[in-house]
1. For segment 62-200, what is the accessible area per residue in Å², given a 1.4 Å probe and the full set of protein chains?
2. Charges only on Cβ, +1 for Lys and Arg, -1 for Asp and Glu: so what's the dipole of the chain about the Cα centre, in debye to the nearest 20?
3. Quick one: which residues, 5 or more positions from Asp39 or on another chain, have an amide H under 5 Å from its amide H? H modelled 1.01 Å from N in the peptide plane, none for Pro or chain starts.
4. Considering only Val92, Val67, Val133, give the residue with the highest GNM mean-square fluctuation for the chain, with springs between Cα atoms whenever their separation is below 10 Å.
5. How far is helix 106-126 tilted off the main Cα axis of the chain, in degrees rounded to 10, range 0 to 90?
6. Using only Cα atoms, tell me the angle between helix 6-28 and the longest principal axis of the chain; keep it within 0 to 90° and round to the nearest 10.
7. Once both axes come from the Cα atoms, what is the angle between helix 52-72 and the longest principal axis of the chain, in degrees from 0 to 90, rounded to 10?
Amino acid sequence: MRNVPKWALLSAAGAPVFLVGGWTLGASRRRGGFNSVTDTISALAARGADDRWIMTSALAGLGICHVVTAIGLRPAALPGRVLHATGGVATVLVAAFPQPVVGSSRAHVLAAGLGFISLSVWPLFASRRGRGVPVGLRPAEGLAAAAVLLGLLGWFAVEFYSHGDRVGLAERAVSGAQALCPLIIAVAAARAVRGERVAG
């Protein structure tokens with residue numbers, strides 16, 4: 001089983017830092033306040049938003065972290081790594097196509113949709129069968145992770161399309177879980193591979 005390089009672990013750790021740091025700092029710079037329960041992350045990077053560069057940079061950094069982690073997560077199956085990287089590229093596109101002051105951007109919505117779906121299902125396709133598969137990359141674990149992420153995504157979709165009053169909370173829950181999932185899998189895989197080599 002191939003090891004997870006340190007730079008992939010660093011990028012995996014960077015993803016939640018960029019995301020949570022971006023929405024925290026971006027919200028603090030918003031004149032008139034910002035309600036993280038009712039307002040979306042995209043609103044912090046929308047055209048005309050106060051210091052929109054903060055959340056825009058954070059989204060771009062988050063996407064790059066996903067791509068780098070996908071490249072370095074060598075114990076994972078290739079289809080899952082491709083989906084993970086696809087989610088990262090889509091996240092960068094979300095930053096590149098911000099929401100307008102009024103209305104919605106089709107490119108933004110399409111990129112966000114692609115990113116949310118890819119980052120929800122990749123653990124399932126990253127799983128492997130056989131002996132010696134690291135924790136986090138076994139089929140049952142991949143299925144469980146994808147089920148949780150898709151459940152959170154479903155909650156966000158319901159809130160978003162019904163104009164619910166917890167759309168911001170739902171979006172933070174799903175995006176936060178998607179940012180943490182690669183870190184958990186990468187750390188578990190790296191420990192398992194190291195342990196296997198020591199035992200060998």
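1. Numbers: 6710 Å² over 139 residues.
On a per-residue basis, segment 62-200 sits at 48 Å².
2. On the way: 19 positive and 8 negative charges, 156 e Å.
Rounded to the nearest 20 debye, it is 740 debye.
3. Distant-sequence amide H within range of Asp39: Gly168.
4. For the chain, modelled as a Gaussian network with Cα springs under 10 Å, the answer is Val133.
5. 20 degrees
6. For 6-28 against the chain, the angle is about 20 degrees.
7. Orientation of helix 52-72: about 20 degrees from the principal axis.
The values are calculated or read from the model by the stated rules, or taken from the named source; none is laboratory data. Small disclaimer: the values here were computed from a predicted structure and weren't measured. With ideal geometry, Cβ positions are generated from the backbone for all residues, glycine too; neighbour counts draw on all protein chains shown. These accessible areas exclude ligands, DNA and RNA; they are computed on the full protein's heavy atoms, side chains included. Shrake-Rupley method; radii C 1.70, N 1.55, O 1.52, S 1.80 Å.
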